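Student: Mind looking over this structure? Questions follow.
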Amino acid sequence: MALYFACEEYGDVYYKGIEDEEDVKIQEANGVIFFNRKYSVSTNEINIKIISSLSQIDLSNDNTLESILRKLTERQAISKELEERWKSKEQFEEFINIIQNNYIVIPPYNNERLSRQCGMFLLAGCFNFVYTESISESSIEKGYKDLREEFDRKFFYIPGEKKKTILEELDTYNINEATLFPELEHQLSYIKKKKNAKSKASSEFIKFDFNDIKQKIIKTDIEISDNIIKDESFKGAVIIDLSEKYHFDIQKIWGFVEEWVSIIDWNRKESVISRFKVEIQRVLLENGFDKEHAKNESEYISDKIIKIASEVSERSEK
């Protein structure tokens, strides 16, 4: 989710050169992803209830510790026992530590957008404690701070010119405006963008062959040879099939096939198969295919490679 939002279009900005400030470049703003290694907590945690309630209380006046604890009890954020405990000189530090900490919170997924985005939030506890000799008369005030220190010093950097490519790749995993934002206006916006994309002629009609289903069932029972990439008949069958179907140099596709089938369990690991499909889609896009057509063809190619490998392995066993 963070990667998607970091790649959203911002607009052109000016960037000065690192070595030469006169070297100015105008481009789409770069994106940044910060991360935090803290464990997340639920909204039911008492710490979260306290911070949430405090944010809704007017602290401009009547903001003594005693008064604030009473208001939290009235809001049922804390119990009467905790109110009395934290008013004491011996235990008040426990309360101050709670309100001066920040928390990664898992919200209740009670609406469609939150559910789809699986989002979490940083709840900031920026409350100043003004100490006096009388603990109960000490006051609490709202403050502010730079939350950058709440995240790891390292971060992920997204070059502005790469945003569009990354968004297209995320779209192949069904991460896009329509899936993350269920509201009608976002659904329509996504459809409009897809329609405005450069379109090409539809792919050649291929009548569905029910034997393909049977073949898929059969191939799952066949162990594909670990050395299939060294089998010249496998390479020959793949090259012939691709050359007959596509009228461009298919050597780049074959290069990705070699990388793919060299990975252990390449035909079973969904993540490995998905990565191969993405690489194939890029090649097809470079050769004039539109996104939808490229996506469909990458499915065909991956299935065909597995089918050929299964057939070659089966013949070798015999």
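The values are calculated or read from the model by the stated rules, or taken from the named source; none is laboratory data. In this text, all values refer to a predicted model and were calculated from it rather than measured experimentally. All Cβ positions, glycine included, derive from the backbone under ideal geometry; neighbour counts span all protein chains shown.
Student: So in the range 73-92, with the set limited to residues that are of a type outside the set (Ser, Thr, Tyr) and touching a Lys or Arg at 6+ places or on another chain (Cβ under 8 Å), which one is surrounded by the fewest Cβ atoms within 10 Å (Cβ to Cβ)? Working first, answer last.
Tutor: Of all residues in the range 73-92, those of a type outside the set (Ser, Thr, Tyr) come to 74-78, 80-87, 89-92.
Then drop every residue that is not touching a Lys or Arg at 6+ places or on another chain (Cβ under 8 Å), which leaves 77-78, 83, 91.
Working: Ala77: 21, Ile78: 22, Glu83: 19, Gln91: 13.
The qualifying residue surrounded by the fewest Cβ atoms within 10 Å (Cβ to Cβ) is Gln91.
Student: Given the criterion under 29 Å from the mean Cα position of the chain (by Cα), among the charged types (D, E, K, R) and either closer than 30 Å to Glu137 by Cα or outside the structural domain of Gly160 (by TED's automatic domain parsing) (or both), identify the matching residue among Glu90, Glu74, Glu8, Glu45. Step through it out loud before you land on a result.
Tutor: Details: Glu90 fails: under 29 Å from the mean Cα position of the chain (by Cα); Glu74 fails: under 29 Å from the mean Cα position of the chain (by Cα); Glu8 fails: either closer than 30 Å to Glu137 by Cα or outside the structural domain of Gly160 (by TED's automatic domain parsing) (or both).
Exactly one residue qualifies, and that residue is Glu45.
Student: Right, next: Does the range 129-147 contain at least one residue that is farther than 30 Å from Lys89 by Cβ, surrounded by 13 or more Cβ atoms within 10 Å (Cβ to Cβ) and of a type in the set (Phe, Trp, Tyr)?
Tutor: Checked the range 129-147: no residue is farther than 30 Å from Lys89 by Cβ, surrounded by 13 or more Cβ atoms within 10 Å (Cβ to Cβ) and of a type in the set (Phe, Trp, Tyr).
Student: How many residues, within the range 227-285, are among the aromatic types (Phe, Trp, Tyr), more than 15 Å from Ile308 (Cα to Cα) and outside any loop (DSSP other than H, G, I, E, B)?
Tutor: Number satisfying all stated conditions: 2.
Student: What number of residues in the range 60-89 are acidic (Asp, Glu), touching a Leu at 6+ places or on another chain (Cβ under 8 Å) and in contact (Cβ under 8 Å) with a residue 24 or more places away in the chain? Step through it out loud before you land on a result.
Tutor: Narrowing the range 60-89 to residues acidic (Asp, Glu): 62, 66, 74, 81, 83-84.
Then keep just the ones that are touching a Leu at 6+ places or on another chain (Cβ under 8 Å); that gives 83.
Narrowing the set further to residues that are in contact (Cβ under 8 Å) with a residue 24 or more places away in the chain leaves none.
Going through the range 60-89 one residue at a time, the tally reaches 0.
Student: Taking the stated definitions as given, is Glu9 over 30 Å from Tyr173 (Cα atoms), of a type outside the set (Val, Ile, Thr) and at pLDDT 85 or above? Working first, answer last.
Tutor: Working: over 30 Å from Tyr173 (Cα atoms): no; of a type outside the set (Val, Ile, Thr): yes; at pLDDT 85 or above: yes.
When the stated conditions are applied, Glu9 does not pass them.
Student: Could you list, in sequence order, all residues of the range 282-297 that are of a type outside the set (A, V, I, L, M), free of Cβ contacts under 8 Å to residues at least 40 places away in the same chain and closer than 15 Å to Trp254 by Cα?
Tutor: Arg282
Student: Please work out which residue is nearest to Tyr4 (Cα to Cα), limiting yourself to the range 84-136 and to residues that are small (Gly, Ala, Ser) and at pLDDT 80 or above.
Tutor: Looking only at the range 84-136, we keep the residues that are small (Gly, Ala, Ser), and these are 88, 115, 119, 124-125, 134, 136.
Those still in the list that are at pLDDT 80 or above too: 88, 124-125, 134, 136.
Numbers: Ser88: 48, Ala124: 24, Gly125: 28, Ser134: 51, Ser136: 48 Å.
If we take residues in the range 84-136 being small (Gly, Ala, Ser) and at pLDDT 80 or above, then Ala124 is nearest to Tyr4 (Cα to Cα).
Student: For the range 281-318, name all the residues that are under 22 Å from the mean Cα position of the chain (by Cα) and either buried (at least 21 other Cβ atoms within 10 Å of the Cβ) or of a type outside the set (D, E, K, R) (or both).
Tutor: The initial filter retains those residues of the range 281-318 that are under 22 Å from the mean Cα position of the chain (by Cα), namely 281-282, 291-292, 295.
Residue satisfying the conditions is Gln281 alone.
Student: I'm trying to understand the selection: among the residues of the range 153-172, which are of a type in the set (Lys, Arg) and surrounded by fewer than 16 Cβ atoms within 10 Å (Cβ to Cβ)? Steps first, answer last, please.
Tutor: Pass one, the range 153-172, residues of a type in the set (Lys, Arg): 153-154, 162-164.
Within the range 153-172, Arg153, Lys154, Lys162, Lys164 meet the criteria.
Student: Tyr103 - would you say it is among the hydroxyl-bearing types (Ser, Thr, Tyr), exposed (fewer than 14 other Cβ atoms within 10 Å of the Cβ) and touching a residue at least 60 places away in the same chain (Cβ under 8 Å)? Break it down stepwise before answering.
Tutor: Details: among the hydroxyl-bearing types (Ser, Thr, Tyr): yes; exposed (fewer than 14 other Cβ atoms within 10 Å of the Cβ): no; touching a residue at least 60 places away in the same chain (Cβ under 8 Å): yes.
Judged against the criteria, Tyr103 is not a match.
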